[in-house]
Amino acid sequence: MIATIDKSGDVPTAVYARQINYPVDEVWPYLTENEKLQLWFPELEIDELEKGGKIYFYLQDDAYETMDILEVDRERKFAFTWDKNSVRFELKANSFGCRLVLKEYLNEVTDHTAKDLAGWHICLDAIEALLDGTTIRNQRGLWNKWYSKYQTLIKEAML
């Protein structure tokens, strides 16, 4: 399901809500433990999992960007900076497993925003697939499909 853009607060926010049919203690490691995080986002590495800690986003040629961890509430919330924006994962247990909500707070909307949003969509799909014991074979093809949808979403939401 495509994200929605919530404009009710001070900052427009892309909101992805997923029902994950696994308990929080199985989902949390995919968000916060490097061994599992790198299965769905190999460019990220958490240095210190605590408020004020760092996440490294490795680019080409050994370059990297440093992101700050804004919040860690074990098995509930994990937030960090994402360039001028910020990203927050929230987990809440329910009788089916847990509800995972990813929010990207859009302090700055650029031509790259729809690319990031399509990327987060595929990342959530990849986490679900990994939990199911599979992988997504054609991530690039799926990303292309979702990218055009997120371009439209951003365009309509920011009018």
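The values are calculated or read from the model by the stated rules, or taken from the named source; none is laboratory data. What you see is a predicted model, and the numbers here were worked out from it, not measured in a lab. Every residue, glycine among them, receives a Cβ derived from its backbone with ideal geometry; neighbour counts consider all protein chains shown.
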Legend entry - Given (1) more than 15 Å from the chain's Cα centre (by Cα); (2) over 16 Å from residue 128 (Cβ atoms), index of the condition residue 22 fails: (2)
Legend entry - Scope the range 1-42; condition among the acidic types (Asp, Glu) and under 18 Å from residue 86 (Cβ atoms); matching residues: 6, 10
Inset, instruction - Just give me the residues in the range 28-76 being touching a residue at least 24 places away in the same chain (Cβ under 8 Å) and acidic (Asp, Glu), in sequence order. - result: 75
Legend entry - Residues being in a loop (DSSP other than H, G, I, E, B) and of a type in the set (Val, Ile, Thr) - total across the range 97-155: 5
Inset, instruction - Would you be able to say whether some residue in the range 27-47 is farther than 27 Å from residue 137 by Cα and more than 14 Å from the chain's Cα centre (by Cα)? - result: yes
Legend entry - Any chance residue 105 is crowded, with 16+ Cβ neighbours inside 10 Å, modelled with pLDDT of 95 or more, in contact with a Pro (Cβ under 9 Å, 6 or more places away or on another chain) and closer than 22 Å to residue 121 by Cβ: yes
